[in-house]
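Every number in this text was worked out from the coordinates using simple rules, so none of it is lab data. Not measured: the values here are computed from a predicted model. Neighbour counts run over all protein chains shown; Cβ positions are idealised from the backbone, glycine included.
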Amino acid sequence: MFGARSRIELKSRDEVLVMRRAGIVVADALAAVRAAARPGTTTAELDAVAAGVISAAGATPSFLGYQGFPATICASVNDEVVHGIPGDRALGEGDVVSVDCGAVVDGWHGDSAITFLLGPDGAVDPASAAVDGVDPLDQALALVTRTALWAGVAALASARRVGEVGEAVEAAVELAGDLQGVELGIVEEYTGHGIGTAMHQPPDVLNYRTSDRGPRLRPGMCLAVEPMLTRGTADTRVLADDWTVVTVDGSRAAHWEHTVAVLEDGIAVLTAHDLGAEGLEPFGVVPVPID
């Protein structure tokens with residue numbers, strides 16, 4: 001998303017384990033942000049929560065200062081797709097909130113994003129029962145995006161080339177959209193990416209089908225898979241702050257992301273506490289135990 005180096009970096013098992021430590025810090029920070037979100041909470045307050053978790057773990061934020069970005073997290077609300085800058089905006093009941101977070105441990109990065117709906121008592125899981133004040137179509141948006149994320153991650157367990165991730169994501173969006181009765185747009189300008197000693201590295205990890213199959217997958221590759229979907233068209237624009245990406249038609253958006261290691265014996269989701277076991281189970285994939 002922000003930029004990339006020119007070579008695909010392959011990691012040793014020991015280096016993946018350090019990335020796992022960074023991934024756990026990110027997972028803890030996102031869990032704390034989600035728990036802190038209430039109507040009236042500002043996005044700056046959520047940023048402070050994530051900063052506190054990362055600092056307490058002895059890690060450093062990936063985002064703060066990156067190409068001038070001024071915060072620890074990206075907090076994107078409603079029609080904001082990605083790269084929202086935390087500030088004095090107070091969250092309201094019914095908001096769709098996407099939070100992207102990265103952390104560095106001993107020079108290695110972890111990167112993950114979640115989307116939640118804001119109910120009267122706090123964050124609402126997209127798969128939960130209907131909640132007063134929360135639009136069911138917003139829940140469908142967030143749920144389909146999360147399903148598409150896991151479809152893309154699961155594809156890495158058997159794929160031969162990186163492009164198969166995008167095929168899996170788009171197929172999941174089509175299927176889940178049909179089942180949920182919604183038609184969603186896949187944002188194409190912003191993609192997943194390689195990750196390791198830099199937050200954004202080659203290869204690009206697309207969220208849609210393309211004739212370019214991408215590079216061959218090899219053990220030691222670590223990839224961030226991150227679909228972004230909208231309730232309307234997929235067209236976006238960047239606000240005057242030069243960071244915040246919003247939908248052109250004002251439709252709401254959702255964003256989910258995980259950092260995944262491709263290993264000799266399978267895959268492991270480095271930014272999931274359970275290495276991805278729950279999310280991968282519907283796809284018949286079992287993550288490799290590395291902890």
Exposure proxy order (Cβ contacts within 10 Å, fewest to most) of S55, S12: S12, S55
Inter-site label distance for S211 and Q67 at 7 Å from Cα along Cβ, in nm: 2.9 nm
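Which shape class applies to region 97-193: rounded if a/c is under 1.5, otherwise prolate when a/b exceeds b/c and oblate if not, where a ≥ b ≥ c are the square roots of the Cα gyration tensor eigenvalues? Walk me through the numbers before you get to the answer.
On the way: a/c = 2.45, a/b = 1.25, b/c = 1.97.
Oblate, since a/c reaches 1.5 and b/c is not below a/b.
Report, in order of residue number, the helices in the chain meeting two criteria: a C-alpha extent of 27 Å or more along the helix axis, and a mean Kyte-Doolittle hydropathy of at least -1.0; treat each whole DSSP H run as one helix.
Values: long enough: 13-36 (34 Å, 0.78); 136-155 (28 Å, 0.93).
TM-like helix candidates: 13-36, 136-155.
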PRE zone check, label point 7 Å out along Cα-to-Cβ of V238, amide N under 14 Å, scope region 82-117, hits 82-85
How far, in nm, would the chain grow between I290 and R7 when pulled straight, counting 0.36 nm per residue and subtracting the alpha carbon separation? 99.3 nm
May I ask for log10 I(q)/I(0) of region 1-138 at q = 0.22 Å⁻¹, from a Debye sum over the Cα atoms as equal point scatterers with solvent left out? -1.28
Relative exposure of M221, M19, judged by other C-beta atoms within 10 Å (fewest first): M221, M19
With a cut-off of 14 Å, note down the residues of region 234-253 whose backbone N falls inside the zone around a label point 7 Å from the Cα of D135 toward its beta carbon. 247-253
Over the chain, how many percent of alpha carbon pairs lie in each 5 Å bin up to the one with the longest distance? 1, 6, 13, 18, 20, 19, 13, 7, 2, 0
Could you tell me the relative contact order of the chain? Use alpha-carbon pairs under 8 Å, at least six residues apart, and round to a whole percent. 22 percent
For region 216-291, count the residues as N, evaluate 2.2 N^0.38 Å, and divide the Cα radius of gyration by that value, please. 1.45
If you average the C-alpha positions of region 34-104 and of region 170-190 separately, how far apart do those two centres end up, in angstrom? 26 Å
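Please rank L10, L223, L118, fewest neighbouring Cβ atoms within 10 Å first, as an exposure proxy. Kindly include the intermediate steps, with their values, before the conclusion.
Working: L10 14, L223 27, L118 24.
Ranked by crowding around the Cβ, least crowded first: L10, L118, L223.
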Taking a ≥ b ≥ c as the square roots of the eigenvalues of the Cα gyration tensor of region 193-245, is the shape rounded (a/c under 1.5), prolate (a/b larger than b/c) or oblate? oblate
Considering the zone a paramagnetic label at H273 would reach in this model (a point 7 Å from Cα along the Cα-to-Cβ line), which residues of region 17-58 have amide N under 13 Å from it? 24-35
